[in-house]
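Reviewing the structure listed below.
The values are calculated or read from the model by the stated rules, or taken from the named source; none is laboratory data. Just so it is clear, the structure is predicted and the values come from calculations on it, not from any experiment. Note: ideal-geometry Cβ built from the backbone for every residue, glycine included; neighbour counts use all protein chains shown.
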Ligand SMILES: C[S@@+](CC[C@H](N)C(=O)[O-])C[C@H]1O[C@@H](n2cnc3c(N)ncnc32)[C@H](O)[C@@H]1O
């Protein structure tokens, strides 16, 4: 049994639905599993301890110390690759018995004010998981009013998106909005705050984060990449944190969406075989986990087993991906 490494950094992210994810992946001791969202390595550690080999991926370079600690402990059974899970089947050499995706932000990302993910902490309006590309400040200061409103509505389900966008445009005319606290205050002023409700900036911050990190595009690509990479009988487990993402995963696994089912009157032979079997219905955290980790409240797990049917080509048609009005 490998010894824990004393130099390992503390683990600030509590893995969500860990027992349920392990059950969904059902790793055999010699299995090769891909953890597409390594974070602090909570899932990866449990899989390694179950005897599996793990290739872990994360787009956030700051997770490297967690990966180094696991490399020291588990040597050749663990491999870390920097990148996105959209490119999973290019980053990982098969065969692969399982893939797990734990979509969304980690506690480390939320807690570091300089990353700009949280309206609870003042920091630069950044929100980039990889540290590359456009920041949330770029979007807030450069999109025109109707594009900004459409983004907040489509990705955050913010019903007061027009009012918020209007206030942002007025404020940025004086000077650019550069911090999380400035934006949070501005939104609160624009739409008010009711006692007992979530912070009024919650939905707008979610929308900006999704846009900055192309989270829906990544999810769709990652699901299809898993479909291509997994062996027959291999398992895919996906944990999501809001209904827009969960809808995409649900529809992806749905056997009805697995083939050309445009017409219910097609002869049976023309309907392609489903790519996924044994689809696990939405799993939510139990009372004990919620007591220990309130963050698990919004988590939903779905999983399925890969069949022998040929992988589909990537498409987001019929997956219910939110569209920004006016976008191509
Ligand atoms: C919720 S945390 C994962 C926590 C992990 N399961 C654990 O137990 O520590 C999500 C992680 O996935 C990473 N991530 C999010 N989207 C990604 C993507 N498209 N490609 C690669 N990594 C991604 C984030 O940087 C973050 O570190």
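So is residue 37 under 25 Å from residue 206 (Cα atoms) and within 10 Å of the ligand (Cβ to nearest atom) or not? Even if it seems obvious, please write down each step before you answer.
Numbers: under 25 Å from residue 206 (Cα atoms): yes; within 10 Å of the ligand (Cβ to nearest atom): yes.
So residue 37 passes the test.
Please verify whether segment 172-188 includes one or more residues that are modelled with pLDDT of 95 or more, under 26 Å from residue 241 (Cα atoms) and in contact with a helix residue (DSSP H, G or I) (Cβ under 6 Å, 6 or more places away or on another chain).
Yes - at least one qualifying residue is present in segment 172-188.
State which residue is surrounded by the fewest Cβ atoms within 10 Å (Cβ to Cβ) when the search covers only segment 270-299 and only residues that are within 15 Å of residue 310 (Cα to Cα) and in contact with a strand residue (DSSP E or B) (Cβ under 6 Å, 6 or more places away or on another chain).
Here the answer is 277.
Among the residues of segment 222-231, are any over 18 Å from residue 104 (Cα atoms) and outside any helix (DSSP H, G or I)?
Within segment 222-231, one or more residues are over 18 Å from residue 104 (Cα atoms) and outside any helix (DSSP H, G or I).
Would you mind stating whether residue 27 is near the ligand (Cβ under 10 Å from one of its atoms) and either in a helix (DSSP H, G or I) or at pLDDT below 95 (or both)?
On the way: near the ligand (Cβ under 10 Å from one of its atoms): no; either in a helix (DSSP H, G or I) or at pLDDT below 95 (or both): yes.
The answer is no for residue 27.
Working only within segment 90-102, note down all residues that are in contact with a strand residue (DSSP E or B) (Cβ under 9 Å, 6 or more places away or on another chain) and at pLDDT 95 or above.
91, 92, 96, 97, 98, 99, 100, 101, 102 - these are the residues of segment 90-102 that are in contact with a strand residue (DSSP E or B) (Cβ under 9 Å, 6 or more places away or on another chain) and at pLDDT 95 or above.
Between 133, 156, 116, which is in contact (Cβ under 8 Å) with a residue 24 or more places away in the chain, buried (at least 19 other Cβ atoms within 10 Å of the Cβ) and within 16 Å of the ligand (Cβ to nearest atom)?
The unique qualifying residue is 116.
Kindly indicate whether residue 72 is surrounded by fewer than 21 Cβ atoms within 10 Å (Cβ to Cβ) and either within 14 Å of the ligand (Cβ to nearest atom) or at pLDDT below 95 (or both).
Spelling it out, it is not the case that residue 72 is surrounded by fewer than 21 Cβ atoms within 10 Å (Cβ to Cβ) and either within 14 Å of the ligand (Cβ to nearest atom) or at pLDDT below 95 (or both).
Within segment 180-198, is there a residue that is crowded, with 20+ Cβ neighbours inside 10 Å and outside any helix (DSSP H, G or I)?
no
Restricted to segment 40-62, and to residues that are in a helix (DSSP H, G or I) and farther than 20 Å from residue 219 by Cα, which residue is nearest to the ligand (Cβ to nearest atom)? I'd like the intermediate steps shown before the answer.
Restricting attention to segment 40-62, the residues satisfying the condition of being in a helix (DSSP H, G or I) are 42-49, 61-62.
If we keep only those that are farther than 20 Å from residue 219 by Cα as well, we get 42, 45-49, 62.
Details: 42: 3, 45: 8, 46: 8, 47: 10, 48: 12, 49: 13, 62: 8 Å.
Looking at residues that are in a helix (DSSP H, G or I) and farther than 20 Å from residue 219 by Cα, I get 42.
May I ask you to verify whether residue 101 is over 20 Å from the mean Cα position of the chain (by Cα), within 12 Å of the ligand (Cβ to nearest atom), buried (at least 20 other Cβ atoms within 10 Å of the Cβ) and under 30 Å from residue 133 (Cα atoms)? Walk me through how you get there before you give the answer.
On the way: over 20 Å from the mean Cα position of the chain (by Cα): no; within 12 Å of the ligand (Cβ to nearest atom): yes; buried (at least 20 other Cβ atoms within 10 Å of the Cβ): yes; under 30 Å from residue 133 (Cα atoms): yes.
The answer is no for residue 101.
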